[in-house]
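In what follows, a single structure is set out as structure tokens and then discussed.
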Amino acid sequence: MKKTRPASKKLSLAPLKSAGRMRRTQTAEPEPPTVVDEAGLLADLRALIHSARQRVATVANATQTLLYWHVGRRLLKENLQDGRAAYGKRILATVSQELRAEFGEGFSYSSLTRMIRFAETLADEAIVVTLSQQLSWSHFLALLPLKDPLVRDFYAEMCRIEHWDVRTLRQKIGGMLFQRTALSKNTKAVISAEIANLREGRMTPDTVFRDPYFLDFLGLKGAYSERDMESAILREIESFLLEMGAGFSFVARQKRMSVGKDDFHLDLLFYHRHLRRLVAIELKLESFQPAHVGQMEFYLRWLDKHERAPGEESPIGLILCAAADAEQVELFQLDAKSIRVSEYLTELPPLALLQTRLHQAIEHAREQAARRETTQECQP
């Protein structure tokens, strides 16, 4: 009997082909690779690296400064000076020789003597710890020659607040910044209180304003007008702001003030960030005159009414004039009016003459302050 083979089933490929087409149709096209902002990435990485390095440098500097202070303090305990000077020198030379051999030139004889002077001059460790967060060892070396503790403390705190580099600190000391501040003309008790304020981050007008201001960088020679001086200040605005001190920012020139049917114009308007108040500046080519006070009072009242923002202190005025008689200025009691009067120098006199002049001004002001205190004590 002949066997018949079952009919083979024919598989249709049509559905498979159709499914394949469906799968290909449903598969999304691959997304193009995201473009990396290489410049932005590098900028962020550089910022991270610089920030980390700055923190490391700050910690290293503070640690080194405190080490030098502790070394100086330890040597001071041995009483290697005064009557034992000769013996102390021999001991210091021996110690220096041993430390140099082990730790390098940073512990030379002269370096050790500076460390002793450092610990002797700045005896309060807490103050050294605070200052060393921002002041380097080189900053402290620039401060050590200052004999008056109040003067030294003033420069140290201003250096910390205004972030001076060593060169700027030396320039400020050489330019007799302390002697030019209103602060220097007060009694020692007031100066100490103001320095305490600086340590707590608070600045007052006595630490901000100077007298005289050095404007020799303006290049004004011979005859010139107030407008010439104003234009020169704006041309040299960076140098002018450096002389004024940190915290000042320029707001306006010839600030218009409309009152009734008249317009008035203030020479220069600034804002001081630490004082949180507007600073109106009037330039005068002549000596200080009583009429200048009335004019500045007018400007300050207008600014207080129309420009003072919420949270700000009342505006303060600075009359910059070619000369000012101290007794005339004192008679007006301008502190109560929030007005300061300062001289400016477009050409600097010889250093010795300037030092004498500033010393006389400070002595006169301190005598006046002491006389006022005595008068107040005698009053019932």
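Bear in mind these aren't lab numbers, they're just calculated from the coordinates by the rules spelled out. Just so it is clear, the structure is predicted and the values come from calculations on it, not from any experiment. With ideal geometry, Cβ positions are generated from the backbone for all residues, glycine too; neighbour counts draw on all protein chains shown.
Taking Cα atoms only, the orientation of helix 188-199 departs from the longest principal axis of the chain by about 0 degrees. When both bridge partners sit in the chain, DSSP labels roughly 55% of those beta bridges antiparallel. For segment 88-124, applying the loop criterion from DSSP together with a ceiling of 10 other beta carbons within 10 Å to the GluC sites (Glu not before Pro) yields no site. Residues SER192, SER249 in ascending order of nearby Cβ atoms (within 10 Å, fewest first): SER249, SER192.
How high is the FRET efficiency from LYS188 to ALA93, r the C-beta distance, R0 51 Å, rounded to 0.05?
Numbers: r = 39 Å, r/R0 = 0.77.
Plugging the Cβ-Cβ distance into 1/(1 + (r/R0)^6) gives 0.85.
Between PHE154, THR207, SER136, the Cα set farthest toward the positive side of the dipole of the chain (charges on each charged residue's Cβ, about the Cα centre) is that of SER136. Mean sequence separation of contacting Cα pairs (under 8 Å, at least six apart), scaled by the length of the chain, corresponds to a relative contact order of 11 percent. The modelled label-to-label distance between ASP148 and ASP37, using points 7 Å beyond Cα along the C-beta direction, is 5.4 nm. Counting only alpha carbon atoms, the long axis of helix 109-121 and the longest principal axis of the chain meet at about 70°. In this structure the amide hydrogen of ALA324, modeled in the peptide plane, comes within under 5 Å of the amide hydrogens of PHE288, none closer than 5 places in sequence on its chain.
Each principal axis of the Cα cloud of the chain was evaluated for its coordinate range; sorted largest first, these ranges are 150, 83, 52 Å.
Annotation: amide H of PHE264 within the under-5 Å range of MET257, SER258, VAL259, sequence separation 5 or more or interchain, hydrogens built in the peptide plane. Remark: relative contact order (segment 54-123) = 42 percent; criterion is Cα-Cα distance under 8 angstrom and separation of 6 or more residues.
Using Cα atoms only, what is the angle between the long axis of helix 85-103 and the major principal axis of the chain, expressed in degrees (0 to 90) to the nearest 10? For helix 85-103, the angle is close to 10 degrees.
In the structure shown, the pairs LYS172/LYS255; LYS284/LYS337; LYS147/LYS185; LYS185/LYS221; LYS305/LYS337; LYS185/LYS305 are assessed against 21 Å; a Cα-Cα span above that value is assigned to LYS172/LYS255; LYS185/LYS221; LYS185/LYS305. When the Cα positions of PHE270, GLY311, GLN295 are compared along the charge dipole of the chain, GLY311 comes out farthest toward the positive end, with charges on each C-beta of Lys, Arg, Asp and Glu.
Considering Cα pairs under 8 angstrom that are at least six residues apart, work out the relative contact order of segment 294-349 and quote it in whole percent. Intermediate values should be presented prior to the final figure.
On the way: 47 pairs, mean separation 20.7, N = 56.
Relative contact order comes out at 37 percent.
Using just its DSSP H runs of length 4 or more, each adding -39500 (n - 2.57), the chain gives a mean residue ellipticity at 222 nm of -17500 deg cm²/dmol after division by all residues.
With the cut-off at under 19 Å, measuring from each backbone N in segment 187-230 to a point 7 Å along the Cα-to-Cβ line of ALA252 picks out 227, 230.
Taking amide H as placed 1.01 Å from N in the peptide plane, the amide H of PHE209 sits under 5 Å from that of ALA182, each at least 5 places away or on another chain. Its Cα centre serving as origin, the chain has a Cβ charge dipole (Lys and Arg +1, Asp and Glu -1) of approximately 3740 debye.
Using Cβ counts within 10 Å as a stand-in for footprinting exposure, how do PHE270, PHE103 rank, fewest first?
On the way: PHE270 19, PHE103 9.
Ascending Cβ contact count within 10 Å gives the list PHE103, PHE270.
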